[in-house]
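The values are calculated or read from the model by the stated rules, or taken from the named source; none is laboratory data. Predicted model, so just to flag it, every value in this text is computed and none were measured. Virtual Cβ from ideal backbone geometry, glycine too; neighbours counted across all protein chains shown.
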Amino acid sequence: MVLEKFLKNKKNIAIIIGFLAVVFLCIWAFVSAGMITKSFKTKIIEQTYKNKEANIESLLVTETKDGEKLFELYAEKGRYTDTDNIVLLLDLLGNFYDGNKVKASFKADQGTYNTTTKQIILKENVLIVYEDGINISTDMLIYSGKNKDILAKGNVRIEKPNEAVIMGSDAVLEGDHSDFHIKGRTKTQFYM
């Protein structure tokens, strides 16, 4: 009866409606604030981990696939930025593998390693020596993965010990390390 008497008064009904409206607005504000804050926190977290840089000393990178080692490289110094996912490397040494066996070793003064594409680019005083003794020097060497051709660009010099020296502007080294092709003007010297 008290409730019926309370509800007959229009002022009391207005108070109840006002109270319910305030409760609804508070709930709406709380939910909205949570959604706004969540997206704001997500943006802050995303920005926190973007555009990071790191200076690196004594870096060793090993790439494997299906338990088989594809290559490894060691650099004295480097620098990484996540804006382009490229590691800039200085004073590199490394090996290319085939069936967990070293197929060729290399060195270079500078290079890059792309952490996304796994591509290695060697520059300045590049030398690669194959297991059979064939050695190749060039201005730049581009390795894009196992069984993909390796590109040698600029001042290519291929030496087959006690057989020949072949010089050209560019060369393509087959990905299985079995053969090479010289491009551009070439010069060949044979040992007799």
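Spot the failing condition for residue 113; the list is (1) without any contact (Cβ under 8 Å) to a residue 40 or more places away in the chain; (2) assigned to a strand (DSSP E or B); (3) within 26 Å of the chain's Cα centre (by Cα), and only one is missed.
Evaluating residue 113 over (1) without any contact (Cβ under 8 Å) to a residue 40 or more places away in the chain; (2) assigned to a strand (DSSP E or B); (3) within 26 Å of the chain's Cα centre (by Cα) leaves (1) as the failure.
Considering each residue of the range 121-167, count those that are within 30 Å of residue 82 (Cβ to Cβ), aliphatic (A, V, I, L, M) and at pLDDT 90 or above, and give that number.
Number satisfying all stated conditions: 9.
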